[in-house]
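Asker: Following this message is one structure expressed as structure tokens.
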Amino acid sequence: MDQTEFWSLVEQSKVHEESRVEWLTEVLSSKEENEIIDYEFIFQSYMNESYQSRLWGAAYVIMGGCSDDSFDYFRGWLISQGRKIFEQTLKNPEFLAEYITDENLGEEGVPEFEDFLNIGFDAFTLKRDGDLEEWDGDLYDEMLDLLADKRLESNTDIEFDWEDEDDLAEMFPALWERFGEEPLG
């Protein structure tokens, strides 16, 4: 699997609105294990690429605060929007002031998609065990080892280029105008 196929699967999954995660998990689990690992490697690479101070600041404005977990869910949502939206947002997070609508938000009305983070591991689990009922820590560790073999490095260091809401209002005038007084979170 390459980036083009990854983004194609993300786009195809949009058709299955209510069962999007389940559909994508099933499709992936029908592929070879190495393709599932490739999918997860690509997904995690995009998660790493989007681990940016500026993007975290934008999420903070939109939701009226953003913990580290929320930022993960936000980036999962962003990836789930497709390549064009992902790339446009990384270039200019202010784009989200116009892009975000009720139609593209998560169930709770916020740009978060926690379940999108688990698709690769769930597909890997289905492929191996045929069951998602119980967490298998050994299987998870094996998947992490396979990702490490592909040289997946996590991006955990971040230096914020903003300190408070005044900085964010200045950095993101369009986002602040739309969400500053009435955030989605």
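Asker: Using the scaling law 2.2 N^0.38 Å as the reference, what is the normalised Cα Rg of segment 140-185?
Answerer: 1.94
Asker: Can you give the local net charge around Ala148? Use residues other than it whose beta-carbon is closer than 13 angstrom to its beta-carbon, Lys and Arg +1, Asp and Glu -1.
Answerer: So the surrounding residues net to -4.
Asker: Shifting gears a bit: If you build the convex hull over the alpha carbons only and average its shadow over all orientations, what do you get for segment 1-103? Give it in nm² to one decimal.
Answerer: 6.7
Asker: I've got another one for you. What's the carbon and sulfur percent of the chain's accessible surface, probe 1.4 angstrom, rounded to a whole number?
Answerer: Exposed carbon and sulfur together represent 40 percent of the surface.
Asker: Against the longest alpha carbon principal axis of the chain, how many degrees, from 0 to 90 and to the nearest 10, is the axis of helix 68-80 turned?
Answerer: The angle comes out near 70 degrees.
Asker: Order 66-72, 145-151, 155-161, 55-61 from most to least packed using the mean count of other Cβ atoms within 10 Å.
Answerer: 55-61, 66-72, 145-151, 155-161
Asker: Could you give the angle, 0 to 90 degrees to the nearest 10, between helix 20-29's Cα long axis and the longest principal axis of the Cα atoms of the chain?
Answerer: With rounding to tens, the tilt is 30 degrees.
Asker: Rg over Rh of segment 40-185, using C-alpha atoms and the Kirkwood radius, what does it come to?
Answerer: 1.02
Asker: Multiplying the sequence separation of Thr4 and Asp136 by 0.36 nm and subtracting their Cα-Cα distance, what value in nm do you get?
Answerer: Stretched out fully, the Thr4 to Asp136 stretch lengthens by 44.5 nm.
The values are calculated or read from the model by the stated rules, or taken from the named source; none is laboratory data. From a predicted model like this one, the values you see are computed outputs, not experimental measurements. Don't worry about glycine lacking a Cβ; one is built from the backbone with ideal geometry, like all the others, and counts go over all protein chains shown. These accessible areas exclude ligands, DNA and RNA; they are computed on the full protein's heavy atoms, side chains included. Shrake-Rupley method; radii C 1.70, N 1.55, O 1.52, S 1.80 Å.
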